[in-house]
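> Once you've had a glance at the structure underneath, I'll fire off some questions.
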Amino acid sequence: MGVFEEKKETCGTICLKYLLFAFNFLFWLAGGVVMAVGVWTLVLKSDYISLLSSKTYAASAYILVLAGVIVMVTGVLGCCATFKEQKRLLRAYFILLLCIFLLEILAGVLAYIYYQQLNDELKQNLKKTMTEKYNQTNYEHITKAVDKLQQEFKCCGSNSSADWAESVYIRSGAKGRKVPDSCCKTITNMCGIRDHPSNIYKVEGGCITKLENFILDHLKIIGAVGVGIACVQIIGMVFTCCLYRNLKAEPY
């Protein structure tokens, strides 16, 4: 009877080992996805981040990058811990899983909180940023971001093209321009002199609506990735606990 129990435990341990190994491989791939989403947000969309007064959006992306790196390292550690059957490695692996779980839940929560307050922030700050900092000394990154925003989203001004009448840039002369050249449907030097709808983008809601929709879509991605991977990790933690208990019960 004792021999049967020992074999049963050994078979159970072997199954757990292979399940945990398969989980770690998928987990490692998921880490790459998480990191890629964070890096993509920070690198390709960094210009738009500079237009936001709050750092919550960027913080969520940084957390995902950090979590992705730790996930990939943890996946390798998990494979080593599984096949070497060392309880100390399994404990370290479980603690890392728990840390990543908390990090990704945090990223998801930050994305959700920022999702709720984004509209108010944009209303309060985007117009001020565009009218006070565009084409001003030491704000070259803002100028670049605004030009990119207006061209990519085919919009002009925060709420409308009329916002530019209040800008420091236009009031200081701007060589006769009524709007920046980036408002033009076809950009040529000094095209901003003429603000007729046939020449510039006059869309309802201005750039604020376009930017808000863009960021909300990306916050959904950040939140979904963070919370989704965190939920999957619960399975890994359960497998780890089961394997740890089985190893503890077996004779050495």
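Readers should treat all values here as calculations from the given coordinates under stated rules, not as data from a laboratory. All of these numbers come straight from a predicted model, not from anything done at the bench. FYI the Cβ positions are ideal-geometry reconstructions off the backbone, even for glycines, and counts take in every protein chain you see.
> In the structure displayed, which of K55/K154; K133/K178; K123/K185; K55/K185; K175/K210; K185/K220 lie more than 22 Å apart, Cα to Cα?
Among K55/K154; K133/K178; K123/K185; K55/K185; K175/K210; K185/K220, the Cα-Cα distance tops 22 Å for K55/K154; K123/K185; K55/K185; K175/K210; K185/K220.
> Quick one: check the C-alpha center-to-center distance for region 77-108 versus region 118-160, whole angstrom.
43
> Can you compute the helix-only [θ] at 222 nm over the chain? Use -39500 (n - 2.57) per DSSP H run of at least 4 residues, normalise by all residues, nearest 500 deg cm²/dmol.
Computed ellipticity for the chain at 222 nm equals -26000 deg cm²/dmol.
> Just name one of L219, C155, G108: the one whose Cα is farthest towards the positive end of the charge dipole of region 97-227 (beta-carbon charges, Lys/Arg +1, Asp/Glu -1).
Looking along the dipole axis, the top candidate is C155.
> Still on this structure: Let me spell out the model: positive unit charges on the Cβ of Lys and Arg, negative unit charges on the Cβ of Asp and Glu, origin at the Cα centre of the chain. What dipole size does that give, in debye rounded to 20?
Dipole about the Cα centre, nearest 20: 260 debye.
> Follow-up. Skipping prolines and chain starts, which residues have an amide H placed within reach, meaning under 5 Å, of the one on I200, given they are 5 or more residues away or on another chain?
Answer set, sorted by chain and number: K185.
> Helix 56-84 sits at what angle to the longest principal axis of the chain, using alpha carbons and giving 0 to 90 degrees rounded to 10?
Orientation of helix 56-84: about 20 degrees from the principal axis.
> Tell me which label goes with the value of Rg and Dmax of the Cα atoms in Å computed from the coordinates here: [x] 20.7, 72; [y] 26.3, 96; [z] 17.9, 54.
The calculated read-out lines up with [y].
> Quick check on region 91-177: what are the equivalent-ellipsoid semi-axes from the Cα gyration tensor, as sqrt(5λ), descending, whole Å?
Semi-axis lengths for region 91-177 are 40, 14, 11 Å.
> Calculate the dipole size of region 120-170 relative to its Cα centre from +1 charges on Lys and Arg beta carbons and -1 charges on Asp and Glu beta carbons; express the result in debye to the nearest 20.
Computed about the Cα centre, the dipole is about 60 debye.
> Where does the Debye-calculated log10 I(q)/I(0) of region 200-251 sit at q = 0.14, 0.16, 0.20, 0.32 Å⁻¹, using only Cα point scatterers of equal weight, no solvent?
Debye output, listed in q order: -0.60, -0.66, -0.78, -1.06.
> Sorted by mean Cβ packing within 10 Å, highest first, what order do the peptides 117-129, 214-226, 57-69 take?
Descending packing order for the listed peptides: 57-69, 214-226, 117-129.
> What ranking do 88-95, 180-187 get when scored by the average of other Cβ atoms within 10 Å per residue, highest first?
180-187, 88-95
> If I fit a long axis through the Cα atoms of helix 206-249 and take the longest principal axis of the Cα atoms of the chain, what angle between them do I get, 0 to 90°, rounded to 10?
10
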